[in-house]
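Undergrad: Here it is, the structure, as structure tokens.
The values are calculated or read from the model by the stated rules, or taken from the named source; none is laboratory data. The structure presented is a predicted model; accordingly, all values stated were derived computationally and were not measured. Methodologically, a virtual Cβ is constructed for each residue, glycine included, from the backbone with ideal geometry; neighbour enumeration extends over all protein chains shown. These area figures cover heavy atoms from the full protein model, side chains too; ligands, DNA and RNA do not enter into them. Shrake-Rupley method; radii C 1.70, N 1.55, O 1.52, S 1.80 Å.
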Amino acid sequence: MKRLDNIDFARGFVMIIMALDHTRDFMHVTGLTQNPTDLATTTPILFFTRWITHLCAPTFVFLAGVSAYLYFKNEGLAKGRQFLLSRGIWLLILEFTIVNFGLWFDIEFHVLLFEVIGAIGFGFIVLGLLLTLSARTLGIIGLIIVFAHNALPIIPFAEDSLLKTILSPLFGRSAFPISPNILFIMGYPPIPWLGIMLVGFASGMLFEFSESKRKSLLLKIGISSLVLFVLLRFINVYGDEPWSLQKNSVFTFMSFINVTKYPPSLLFALSTLGITFLILYFSEGVKNKVMDVVMVYGKVPLFYFIVHFYLLHTLMIVIMLLQGFKWSELNFGAFGSGRPKDVESGVELWAIYLIWISVVVLLYPVCKWYGKYRADHKEKKWLKYL
């Protein structure tokens, strides 16, 4: 399957800014105590540092759907289904082993966290089982999920109903013990993210059109999504938590664009995917050095994701030790990840940006090498899974 430059660019762009969010999570001085989107405690620069990274997860999931469509059209139903099912299972295994360990550095796995890699894996499995349906039908199902799932909380389920017990972890964040020492957390409720993936799968049809027609459609869909976001946000009755007037115009604007990621609300999806469509539009047919550099990361997304996670976490441990903490003071238990408990640690936001840029630059030659290695060794089937 021929790679498409604007898909690799869009994926690479959000992979780069994803590292900013994870650098802040691991190392910011208030990373353990402050919600950067809480308007009562945040600052504009901290808010927008977090807000821009909202683009990452929906773009990953959406483009995973687009890529699944292109693979299916190129390889056919049987191979497409086999690949989606096997890759989906593989991503779930990775989520609860390599990714979770990279998050906590907890050898006993006290917390199992289901996040974006698990959501993509779940989506691939469901998509693989539904491949006999047309892309148009799958897209309609995806749109119904995206537009309607915010209505679920207003349905009057009985508190102890079996249906609510089943649906809650599928549509909303939840946590429950699976053993006396292991807590399972559904950080990325799978059904809303499945909706975004199905929309991405249907959007794969756009890449069968001519470049001029595709660009026109990408622009129209992107602008329409953002216009619909603004209209629904002004109405302020559905699709997310209401916004409100704040102490000044900057904070009021922050309230207006402060949308819910967990689970991804309708307004979250419209705003982020609208921007994703515009990124695809503006990068369509572009050839320059910036495109070339950013695509290096976008061609090896899972490899980059895993390596950058371990690199950032290791750097965080080094910073803790340089700040004078002893190894015995580092907390690697449940929710620990190595930051000392109840003690201020970490670095200021300016240092977060410096570390982020340094890590992205450092990983460029590594990703370029791996991308070339994978391209030169297509006979090694396992490389498709990393």
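Undergrad: Cβ under 14 Å from Ile117's Cβ, Ile117 left aside: what net charge do those residues give with Lys, Arg +1 and Asp, Glu -1?
TA: -1
Undergrad: If you don't mind, another one. So for the pair Phe147, Glu75, with labels modelled 7 Å out along Cα→Cβ, what separation do we get in nm?
TA: 3.3 nm
Undergrad: Considering only protein heavy atoms, what per residue accessible area in square angstrom results for the stretch 1-142 with a 1.4 angstrom probe?
TA: 38 Å²
Undergrad: So who's got an amide H within less than 5 Å of the one on Val347, skipping anything under 5 residues away but keeping other chains? H placed 1.01 Å off N, in plane.
TA: For Val347, whose amide H was placed from the backbone, the distant partners under 5 Å are His28, Val29.
Undergrad: Related question: Using modelled backbone amide H atoms (1.01 Å from N, in-plane), which distant-in-sequence or interchain residues come within less than 5 Å of Leu112's amide H?
TA: Here Leu183, Phe184, Ile185 satisfy the definition.
Undergrad: Once Rh is set to the Kirkwood radius over Cα pairs, what Stokes-Einstein translational diffusion coefficient, in µm²/s, holds for the stretch 41-142 at a temperature of 20 °C and a viscosity of 1.002 mPa s?
TA: 139 µm²/s
Undergrad: Give me the extension gain from Ala375 to Leu39: residue separation times 0.36 nm, minus the current Cα-Cα distance, reported in nm with one decimal.
TA: Taking 0.36 nm per residue and subtracting the Cα distance, the gain is 116.3 nm.
Undergrad: Tally Lys and Arg at +1 and Asp and Glu at -1 over the other residues with C-beta under 12 Å from the C-beta of Lys261: what net charge comes out?
TA: Around Lys261, the charge tally is -2.
Undergrad: How far, in nm, would the chain grow between Glu211 and Ile178 when pulled straight, counting 0.36 nm per residue and subtracting the alpha carbon separation?
TA: Contour length minus Cα-Cα distance gives 6.9 nm.
Undergrad: Calculated FRET efficiency, Leu167 and Leu130, Cβ-Cβ r, R0 22 Å, to nearest 0.05?
TA: 0.70
Undergrad: Further question: How large is ³J(HN,Hα) for each residue in the stretch 80-89, as worked out from phi by the Karplus curve 6.51 cos²θ - 1.76 cosθ + 1.60 (θ = phi - 60°), to whole Hz, x for Gly and Pro?
TA: My calculation for the stretch 80-89 gives x, 5, 4, 5, 5, 5, 5, 5, x, 4 Hz in order.
Undergrad: Measure up Lys299/Lys381; Lys220/Lys289; Lys215/Lys380; Lys73/Lys380; Lys215/Lys299; Lys73/Lys384 against 24 Å on the Cα-Cα distance and list the ones that go over.
TA: Lys220/Lys289; Lys215/Lys380
Undergrad: Moving on to the next point. Per residue, how much accessible area does the stretch 261-386 show when a 1.4 Å probe rolls over the protein heavy atoms, in square angstrom?
TA: Per residue, the stretch 261-386 has 50 Å² of solvent-accessible surface.
Undergrad: Considering only C-alpha atoms, what is the centroid distance from the stretch 74-125 to the stretch 188-242, in Å?
TA: Cα centroid to Cα centroid, the span is 25 Å.
Undergrad: A follow-up question, please. What are the principal axis extents of the Cα atoms in the stretch 80-139, in Å, biggest first?
TA: 43, 20, 13
Undergrad: Further question on the same structure: Quick one: pull the percent of accessible area on the chain belonging to carbon and sulfur, 1.4 Å probe, ligands and nucleic acids left out.
TA: Roughly 68 percent of what the probe reaches on the chain is carbon or sulfur.
Undergrad: Okay, next question. How much accessible surface area, in Å² rounded to 10, belongs to the heavy atoms of Met186 with a 1.4 Å probe?
TA: 20 Å²
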